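Participant: My questions will all concern the structure given below.
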Amino acid sequence: MLDTGLQRFTGRFLPSLTYRDYRYLWMSTLSSSAAAWALIVARGWLVYDLSGSSVWVGVTTFAAMIPLFLVPPVAGFLADKFERRRLLGYVFASQLAHNAVLAALAMSGVIEPWHLVVLAFFNGSARAAQMPISQSLLPNLVPKKLLLNAIALNSATMHGSRLLGAGVVAPLLANDAAGPAFAICSVFYVAAWISSSRIRSDSTGQLQKGVGAVRNFTAGLQYVFRHPFVRPFVVLVFLHCSLTMSFESVLPVLSDKQFGAKDGFSYLMMAVGGGSLVGVLALSGLSSPVVRGRWFLATGLVSAVMPLGLVFSTSLATALVAAVFMGASQAAFMTLSASFIQAIIPDEIRGRAMSVYLLSIGGVMATSNLINGSLADIVGAPTMLTIAGLTFLTAMLVSNAHQPLRRLFMRGEVAAAPAAV
């Protein structure tokens, strides 16, 4: 009976993990994402400790995220030109090298805020390259009918690893041990590199023959902006990321000023990660397009409201509850958005088209974190979170009047006719 129940659970929620190469991609994503979130927490804590200013936190977070605005077009082009699994291995090797330098500087006691900014940019560049490469590889590792399940489980590693990464380094940061925290991140990257090297499936895109390099390079951009469904959809995701997900540079200030808990930043990030894990795992068993569309609408609305939960929290304990719901709604919204986009984009331009999608996400998050971190000292973190939440709530309500998005919300339809590239 127990075996039967386990088989049913696996068959409904974990079918993608029965595919060997997908398992290795899943494990490499889990390890690298844990390292990335641990770095966000450790870097944010250390730069705030060194400078005592949220401006430096915002600058460091900006440096880590701005490569998402610069690197994905190049990485997406390379992912359509070369073997994707090999490119992924090179990316993990560069991230490991970055962490070795960071840990050495922190342990030697000579690290300064500008060191963290420079190294954050380097690490952010590698992570910005990793995302379009791995997302271009993923659909080739499972049958198309399991695409949402595969993306949901992959998102579970990326979002849920906030809990793992932040949880591992939190005790070290509480004891002022940033150097060992960075060293642990290196261990995570070693595991990611080893896992990615075990993938055997060949996966490359296809550049158009007989056309110039510029046209091949911009094919993904042309596809996104000519597609009647993808264009407004990307705009909505853009607003979601800029208004509800750009909170990393604000949380250290909120934790310190509103709750009097300097190390509360780590626990808030853990709560967001735990909620994210629950949110995406709940999606892995969904099969009805109608249900997916309605979940997308619901999670967008909840994601808009949850920052207000942080604002009105009177203690760190209640803020942690709000952070759990915030993580669950945001992660579910982004996972569903990725599955809708991946279901439409042809494999031959997947790297370049996904790079445009990721660019719209990463670039705005980098800019928004810089703005939020800078303004939090002036107008306060609660004000920033309130404005952002109410603005996206308005955007979600207005988007329901747009016919392609309304069909997605109500019936889960994404099959608009593709535009010519």
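The values are calculated or read from the model by the stated rules, or taken from the named source; none is laboratory data. Note that the structure is predicted; figures quoted are calculated from it, not measured. Virtual Cβ from ideal backbone geometry, glycine too; neighbours counted across all protein chains shown. Surface areas here come from the heavy atoms of the whole protein model, side chains and all, with no ligands, DNA or RNA. Shrake-Rupley method; radii C 1.70, N 1.55, O 1.52, S 1.80 Å.
Participant: Output the peptides 190-199, 344-353 sorted from most to least packed, where packing is the average of other Cβ atoms within 10 Å over each peptide's residues.
Facilitator: Per-residue Cβ counts within 10 Å, averaged per peptide and sorted highest first, yield 344-353, 190-199.
Participant: Same structure, new question: At 1.4 Å probe size, with the rest of the protein present, what percent of the exposed accessible area of the chain is carbon and sulfur atoms?
Facilitator: Carbon with sulfur: 68 percent of the solvent-accessible area.
Participant: Positive end of the charge dipole of the chain (Lys, Arg +1 and Asp, Glu -1 on Cβ, about the Cα centre): tell me which of Ser155, Phe409, Leu96 has its Cα farthest that way.
Facilitator: Phe409
Participant: Taking square-rooted eigenvalues a ≥ b ≥ c of the alpha carbon gyration tensor, is the chain rounded, prolate or oblate, where a/c under 1.5 means rounded and, failing that, a/b exceeding b/c means prolate?
Facilitator: It comes out rounded by the Cα gyration axes.
Participant: Right, another one. Once you have a ≥ b ≥ c as the square roots of the Cα gyration tensor eigenvalues for segment 66-208, tell me rounded if a/c is under 1.5, and otherwise prolate or oblate according to whether a/b is larger than b/c.
Facilitator: Prolate.
Participant: Contact order normalised by length for the chain, with contacts defined as Cα pairs under 8 Å and 6 or more residues apart; what percent is it?
Facilitator: After rounding, I find 29 percent.
Participant: Another question, if that's okay. Net charge within 15 Å of Leu336 by Cβ-Cβ distance, Lys/Arg positive one each and Asp/Glu negative one each, not counting Leu336 itself?
Facilitator: +3
Participant: Turning to a different aspect of this structure: Rounded to the nearest 500 deg cm²/dmol, what is the calculated helix-only ellipticity per residue at 222 nm for the chain, with -39500 (n - 2.57) per DSSP H run of length n ≥ 4?
Facilitator: Taken over the chain, the calculation gives -27000 deg cm²/dmol.
Participant: Helix by helix through the chain, keep the DSSP H runs that span 30 Å or more along the axis on Cα and average at least -1.0 on Kyte-Doolittle, and give those back in order.
Facilitator: Qualifying helices: 20-51, 84-108, 113-137, 147-174, 289-311, 316-344, 350-379.
Participant: Next question. Could you tally the net charge around Pro232, taking each other residue with its Cβ under 13 Å from the Cβ of Pro232, Lys/Arg +1 and Asp/Glu -1?
Facilitator: Every neighbour counted, the sum reads +4.
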